[in-house]
Each structure stands twice: as structure tokens, then as C-alpha cells.
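Asks: Can you read through this structure? Questions will come right after.
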Amino acid sequence: MRYVVALRVVKYTPPDVKSVPEEVGWGQYAVGEVTVDAFVIDLKRGDVPCRFRASGQTADSVFWTEGTAEEAIYKDIRESLSIEIYRMLRKMGAGVD
């Protein structure tokens, strides 16, 4: 592996998971958001060829069929952030496919 993407959280607003009902189904809550600085590290050369900022957030409602609403909400924010990081790497021409 030549490249690694390292993340540093610069802003985090947790979602209000306490307001989501416990039973399986739909629930609404206050949106959470995370913003990170991402560093692409070249392990062969020992430098950082690029850096960018990316954000991810939850929707304002969640639907889940297994596990807890909290697990579904945090999965949502991770997936949103991952998609944004992927888009930024593609924009820079990184071979992420």
C-alpha cells in the first residue's frame, strides 16, 4: 500500500439520538454533522501530496429494521462522510475505483 488517507476531526455536532423512539421503524431527530481535514500520505516518499476538507451529516430522520436507531444514525453519518471523501479523491484524479 503506497497511500493512506488520514483524517482529523475539526468539527463535530452529535445527532440528538435521545429523541429517537426505541422501537424499530421511523424516527426523527436533530441532525448531526462532522467535518474532517483529510491528508493523503505517500508512504513511499514520506510526504503529504494533498490535503482537503470533507463533511458528512445525518439525515433528519432514520428508518431501521435491526439493531438500534443510534447504530443506524451513526452509520448514516459515516457513509455520508465516506461518500464525500471518495468524491474529493476522484476529483483529484486518485485511482479509487
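The values are calculated or read from the model by the stated rules, or taken from the named source; none is laboratory data. From a predicted model like this one, the values you see are computed outputs, not experimental measurements. Neighbour counts run over all protein chains shown; Cβ positions are idealised from the backbone, glycine included. Surface areas here come from the heavy atoms of the whole protein model, side chains and all, with no ligands, DNA or RNA. Shrake-Rupley method; radii C 1.70, N 1.55, O 1.52, S 1.80 Å.
Asks: Working from Cα positions, state the angle (0 to 90°, nearest 10) between the long axis of helix 69-91 and the longest principal axis of the chain.
Replies: Orientation of helix 69-91: about 30 degrees from the principal axis.
Asks: Sticking with this one: Does anything in region 28-45 have its amide N under 15 Å from the 7 Å Cα→Cβ label point of V9, and if so which residues?
Replies: 32-38
Asks: Relative contact order of the chain, please, whole-number percent, based on alpha carbon pairs below 8 angstrom and at least 6 residues apart. Can you show the working numbers first?
Replies: Working: 182 pairs, mean separation 25.4, N = 97.
Value for the chain: 26 percent.
Asks: Describe numerically, in nm with one decimal, the distance between label points set 7 Å from Cα along Cα→Cβ at F52 and at D16.
Replies: 3.3
Asks: Report the extension gain between E79 and M1 in nm, rounded to one decimal, defined as 0.36 nm multiplied by the number of residues separating them, less their alpha carbon distance.
Replies: Details: separation 78, 0.36 × 78 = 28.08 nm, distance 2.30 nm.
Roughly 25.8 nm would be gained on extension.
Asks: Which of the trypsin sites (Lys or Arg not before Pro) found in region 1-91 are in a DSSP loop and have at most 10 neighbouring Cβ atoms, other than their own, within 10 Å?
Replies: Passing both the DSSP loop test and the Cβ count: R2, K44, R45.
Asks: Related question: In whole percent, and with a 1.4 Å probe on the protein chains, what portion of the accessible area of the chain is carbon and sulfur? List each step's numbers first, then the result.
Replies: Details: 3430 of 6570 Å².
With neighbouring chains kept in place, the figure for the chain is 52 percent.
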